[in-house]
Amino acid sequence: MSKGQRFAFLDAARGIAVLWMIQVHVTNVVLDPALRSSWWFTLLNVSNGYVAPTFIFCAGSGLWIALSRRGEAYLTAGTELRTYLKRLSYVLFCAYVMHTPVLSLRRMLEGPAQAWTSWLQLDVLHVIVYASLAALAAFFVLRNLRRATIAYGIIAAAIMAVSWSIPRDGISQFPLLPWSGYLFAGAAITGWFMQTESKERLARLFIIIGLIGPIILFIGKGLSIPMPWDAIWWRSPGGLLFRVCATLLLLGSLYFLEQRITSTRVGRLLVTLGNESLFMYISHLLLVYGSLVPWLDQMIGTHHFGPSTTLLMWLVVCVIFTSLMFAWRWVKTERPDIAAWILRLQVGGIILAFLVLP
């Protein structure tokens, strides 16, 4: 892929995923627990299960595109590889900061030993970084993107095949196995798509798989043939493929809407959100799982609401952080030197605060 080439349908898919992810987190925090037994919440919860897999899948797509553009430069272990590793290091730093129980080394040392186990808990960002490093290592070993693409498909298939037998650590909601399978699947399928001559035909196939695949998988789930993963179907090969089908349906549909995406305000907004998905992901989590509940309890006296107020809260959070995202994007574009210093000060300030705060 040429370095200046963008793929609006991939960026838009990531933008949709990050907006829906904000909905998931806002709903988790503010929706009245009594409403979680309703039929509509069951449907909403099923759709929410697609978000993290799609986000990780799109990270795999981005990795493959980066390797197609800069893979040869990465193999020389030069500046471009160091820049990429710095970006991954920053994402991993943010992931562990968000799992720090208290921003004080002294209080953690004086507290119970269980406080340190929060750093063992993996989430979506951990999975993306560690799986990306593994995919990069495979590329370095094979030293050819076409061979690496085949390897990514084999790795994804292997992870999904044994997913049901992987023991859970009891700590992480998103353990590296099997969740890294989505990133390898994203890299493999994106490589297949980008290297084919008939992208329209393959996009139609994605849509067909996305529509028919879940039906076939659910029919198989409902058959009386006993399988070892019946009790944990959502962690079985069928459960993982079910989520991949939804991602393929989204990507295939957006591919045919790519011209409309780039020519409309909503489409361009989704593309921008996709490009700045890391900012949106981290920033909204700090509010939703940090200050939102205390603020609501202090101002209103409760943080549990009905569906209409929850929807309103989601829209408000999206508007706030989309506005902040555009401000940050302007700084990065117009004053990249200032943006770099902001990131350095952010990392240095967090580390200093952790070391010196009582």
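Throughout, read-outs are computed from the coordinates displayed, never taken from laboratory work. As the structure is a computational prediction, the values presented were derived from the model and not from experiment. All Cβ positions, glycine included, derive from the backbone under ideal geometry; neighbour counts span all protein chains shown.
Remarks
- Gain on full stretching of the segment that runs from Val319 to Arg146 - 0.36 nm per residue minus C-alpha separation: 58.2 nm
- Only Lys, Arg, Asp and Glu carry charge here, each on its Cβ (+1 for the first two, -1 for the last two); on that basis the chain has a dipole of about 820 debye about its Cα centre.
- When only Cα pairs below 8 angstrom with a gap of at least 6 residues are kept, the chain shows a relative contact order of 31 percent.
- Top positive-direction residue, dipole computed over the stretch 8-356 with Cβ charges, set Trp192, Pro101, Pro53: Trp192
- Helical segments meeting 18 Å axial Cα length and Kyte-Doolittle 0.0 threshold in the chain (DSSP H): 8-30, 51-75, 79-97, 124-142, 145-161, 176-195, 199-222, 237-256, 307-334, 336-356
- Convex hull per residue volume in Å³, alpha carbons only, for the chain: 175 Å³
- Alpha-carbon centroid distance for the pair the stretch 293-358 / the stretch 1-80, whole angstrom: 19 Å
- Total lysine pairs in the chain at Cα distances under 25 Å, for residues eight or more apart or on different chains: 4.
- Total formal charge among the other residues, if their Cβ is under 11 angstrom from that of Thr79, Lys/Arg +1 and Asp/Glu -1: +2
- The Cβ shell under 11 Å around Met325 holds other residues with a net charge of +1, Lys and Arg each +1, Asp and Glu each -1.
- Sum of side-chain charges, Tyr182 neighbourhood, beta-carbon under 15 Å (Lys, Arg +1; Asp, Glu -1): +2
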